[in-house]
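The values are calculated or read from the model by the stated rules, or taken from the named source; none is laboratory data. Quick caveat: nothing in here was measured; it's all calculated off a predicted structure. Here the Cβ positions follow ideal geometry from the backbone for every residue, glycine too, while neighbour counts run over all protein chains shown.
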């Protein structure tokens, strides 16, 4: 997740807000990461194929 924020800073895609929100959930064999911020508004979804990760509930970081 730190590398996601670093990439935004390096590439200048969007001005990075002080508050970054990551929501994680499991869908089948994939972990879905929803990254968002409020100012300026930004949202991105990432899907990772991870077999050995257990995620019993949705998480917000």
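The residue pairs whose first member lies in the range 15-37 and is touching a residue at least 40 places away in the same chain (Cβ under 8 Å), whose second member is outside any strand (DSSP E or B), and whose beta carbons are closer than 9 Å, counting only pairs six or more residues apart or on different chains, are 21/38; 21/61.
The set of residues in the range 15-40 being in contact with a helix residue (DSSP H, G or I) (Cβ under 9 Å, 6 or more places away or on another chain) and exposed (fewer than 15 other Cβ atoms within 10 Å of the Cβ) consists of 15 alone. Whether any residue in the range 25-34 is in a helix (DSSP H, G or I) and modelled with pLDDT under 95 is what I want to check. Looking through the range 25-34, none of the residues is in a helix (DSSP H, G or I) and modelled with pLDDT under 95.
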